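K.L.:
Attaching a single structure in structure tokens format; questions to follow.
The values are calculated or read from the model by the stated rules, or taken from the named source; none is laboratory data. This is a predicted model, so every value here is computed, not measured. Note that we place each Cβ from the backbone using ideal geometry, even for glycine, and neighbour counts take in every protein chain shown.
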Amino acid sequence: MPTLFDPIQLGDIDAKNRILMAPLTRGRSTDEHVPTDIMIDYYTQRAGAGVLITEGTGVSRLGLGWPNAPGLWTDAQVEAWKPVTDSVHKAGGRIVAQIWHMGRLARPDVTGLTPLSSSQTRAPYHKPENPYAEARAATLDDIKQAIEDYATAARAAIAAGFDGVQLHGANGYLIDQFLRDNTNLRDDDYGGSPENRIRFMKEAVSAVIAEVGAGRTAIRLSPNGETQGADDSNPAAVFVPAAKALNDLGIAFLELRELSPAGTFGASEVPKLSPKIREVFTGPLILNQDYTLEAAQADVASGLADGISFGRKFISNPDLVERFRTGAELAPDNFKTWYTPGPEGYSDYPALQPAE
């Protein structure tokens, strides 16, 4: 039976173990979305993961409405990523760029632009005094441009030294807004039936594959339950066929963020779809959300998953893999410094000290 510590081939990426670092928005880039030097330290410290998946990295100014998140659409951004990927590789790691279009969740006070979505909708927000803007429905030209932006960002990622890319198709962002029936109200070839709602995802993934190859292309989905206002009345009807389409495209791996009833950062009573997706997706399947070491080992050993991605545990435990391997205690993280500038709560968490 496989274990978390066994190597695995994820398309063209040779991972030394099955513990991945999940994408984690941290907000340490410049106001122009250019990576900074402290990001070299942050990612290199965590190079013990089988694969590092970066924080969401914008494919365009229109699509990146998060302050100080990084991008991959300018030469300056690409050049600033190069020392990050080089340092991770020198430390023996593998690193994949998560390419991100936020759709209706891109804030105009960051982008200066009206957000784009599958349909003219507005995302809910827990701070009524600072609501999201109403998005405009994407025209066919807008759809073509967004797909080109994913492909261009993927090409830029490889130029910056990344081992591959992961399209962000989860958490209520643009691809998810096309997939789900409460955000996709279209009546054309990109809306209505599950087959049509899957179309944008398939075309975006296909465009990325055409640029960088299927073996360097992955995607993240969040199939069960509501997330940032995006939901579906029948998730299995759209996400199982979506997984089958991704399987047919031969992508490097599929990552699922799955909510549970007792979730600590999002919860849902909607059943997890990984068992049904496992039946149609035969490539490497990575599962995520609220995993303990024991649960992770069990799901890999059973064959439900080929690997597990951990997010928040990697924030305060840069050497998480070694802590898991040795049974060492995990350090807690500080929520107050998740998104603040500077190294505090970012690159200053200490590594495990060897026993005297």
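K.L.:
Say we look at the range 117-130 and pick out the residues that are part of a loop (DSSP other than H, G, I, E, B) and under 25 Å from residue 153 (Cα atoms); which of these is farthest from the chain's Cα centre (by Cα)?
P.N.:
119
K.L.:
Residue under question is residue 109, and the condition is that it be closer than 17 Å to residue 63 by Cβ and assigned to a helix (DSSP H, G or I); does it hold?
P.N.:
For residue 109, the condition - closer than 17 Å to residue 63 by Cβ and assigned to a helix (DSSP H, G or I) - is met.
K.L.:
Looking at the range 209-249 only, could you name the residues that are closer than 19 Å to residue 305 by Cβ and more than 15 Å from the chain's Cα centre (by Cα)?
P.N.:
224, 225, 235, 236, 239, 240, 242, 243, 244, 246, 247
K.L.:
Determine, yes or no, whether residue 80 is surrounded by 16 or more Cβ atoms within 10 Å (Cβ to Cβ), out of contact with any Lys or Arg (no Cβ under 6 Å at 6 or more places or on another chain) and not in a helix (DSSP H, G or I).
P.N.:
no
K.L.:
All but one of (1) among the basic types (Lys, Arg); (2) buried (at least 18 other Cβ atoms within 10 Å of the Cβ); (3) free of Cβ contacts under 8 Å to residues at least 12 places away in the same chain hold for residue 336; state the number of the condition that does not hold.
P.N.:
Going through (1) among the basic types (Lys, Arg); (2) buried (at least 18 other Cβ atoms within 10 Å of the Cβ); (3) free of Cβ contacts under 8 Å to residues at least 12 places away in the same chain one by one, residue 336 breaks only (2).
K.L.:
Has the range 262-280 got at least one residue that is under 22 Å from residue 203 (Cα atoms) and either in contact with a Ser or Thr (Cβ under 7 Å, 6 or more places away or on another chain) or not hydrophobic (A, V, I, L, M, F, W, C) (or both)?
P.N.:
No; the residues of the range 262-280 include none that is under 22 Å from residue 203 (Cα atoms) and either in contact with a Ser or Thr (Cβ under 7 Å, 6 or more places away or on another chain) or not hydrophobic (A, V, I, L, M, F, W, C) (or both).
K.L.:
Would the range 148-158 turn up any residue that is over 30 Å from residue 250 (Cβ atoms), among the basic types (Lys, Arg) and not in a loop (DSSP other than H, G, I, E, B)? Don't jump to the end; show me each part of the working.
P.N.:
To start, the set of residues in the range 148-158 that are over 30 Å from residue 250 (Cβ atoms) comprises none.
For the range 148-158, residues over 30 Å from residue 250 (Cβ atoms), among the basic types (Lys, Arg) and not in a loop (DSSP other than H, G, I, E, B): absent.
K.L.:
Quick check on this structure: which one of 114, 74 is more than 17 Å from the chain's Cα centre (by Cα) and either crowded, with 24+ Cβ neighbours inside 10 Å or without any contact (Cβ under 8 Å) to a residue 24 or more places away in the chain (or both)?
P.N.:
Sole residue among the options that is more than 17 Å from the chain's Cα centre (by Cα) and either crowded, with 24+ Cβ neighbours inside 10 Å or without any contact (Cβ under 8 Å) to a residue 24 or more places away in the chain (or both): 114.
K.L.:
Please list, ordered by first then second residue, the pairs with beta carbon atoms under 6 Å, 6 or more apart or interchain, first in the range 287-301 and free of Cβ contacts under 8 Å to residues at least 24 places away in the same chain, second part of a strand (DSSP E or B) and not charged (D, E, K, R).
P.N.:
Filtered contacts from the range 287-301: 291/308.
K.L.:
Further question on the same structure: Out of 282, 326, 337, report the one residue that is more than 23 Å from the chain's Cα centre (by Cα), at pLDDT 95 or above and hydroxyl-bearing (Ser, Thr, Tyr).
P.N.:
From the options 282, 326, 337, the qualifying one is 326.
K.L.:
So which residues in the range 193-208 are in a loop (DSSP other than H, G, I, E, B) and either among the aromatic types (Phe, Trp, Tyr) or under 18 Å from the mean Cα position of the chain (by Cα) (or both), if there are any at all?
P.N.:
Selection gives nothing.
K.L.:
Name the residues in the range 215-229 that are touching a residue at least 60 places away in the same chain (Cβ under 8 Å) and either buried (at least 19 other Cβ atoms within 10 Å of the Cβ) or assigned to a loop (DSSP other than H, G, I, E, B) (or both), would you?
P.N.:
Selection gives 216, 217, 218, 220, 228, 229.
K.L.:
Does the range 218-255 hold any residues that are under 14 Å from residue 275 (Cα atoms) and of a type in the set (Asp, Glu), and which are they?
P.N.:
Result: 255, single match.
K.L.:
Let me ask you something else. Give the residue that is surrounded by the fewest Cβ atoms within 10 Å (Cβ to Cβ), with candidates limited to residues of the range 230-261 that are touching an Asp or Glu at 6+ places or on another chain (Cβ under 8 Å) and at pLDDT below 95.
P.N.:
Ranking the candidates gives 261 first.
K.L.:
Sticking with this structure for a sec: Does residue 264 fit the bill of being within 30 Å of residue 29 (Cα to Cα), within 19 Å of the chain's Cα centre (by Cα) and surrounded by fewer than 16 Cβ atoms within 10 Å (Cβ to Cβ)?
P.N.:
So residue 264 passes the test.
K.L.:
Here's something else I'd like to know. Pick out the one residue from 156, 170 that is under 18 Å from the mean Cα position of the chain (by Cα), crowded, with 18+ Cβ neighbours inside 10 Å, of a type in the set (Gly, Ala, Ser) and closer than 22 Å to residue 222 by Cα.
P.N.:
The conditions single out 170.
Residue by residue, here is whether (1) assigned to a loop (DSSP other than H, G, I, E, B); (2) in contact with a Cys (Cβ under 6 Å, 6 or more places away or on another chain); (3) buried (at least 22 other Cβ atoms within 10 Å of the Cβ) holds:
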{"position": "29", "(1), (2), (3)": "yes, no, yes"}
{"position": "33", "(1), (2), (3)": "yes, no, yes"}
{"position": "52", "(1), (2), (3)": "no, no, yes"}
{"position": "56", "(1), (2), (3)": "no, no, yes"}
{"position": "60", "(1), (2), (3)": "yes, no, yes"}
{"position": "68", "(1), (2), (3)": "yes, no, no"}
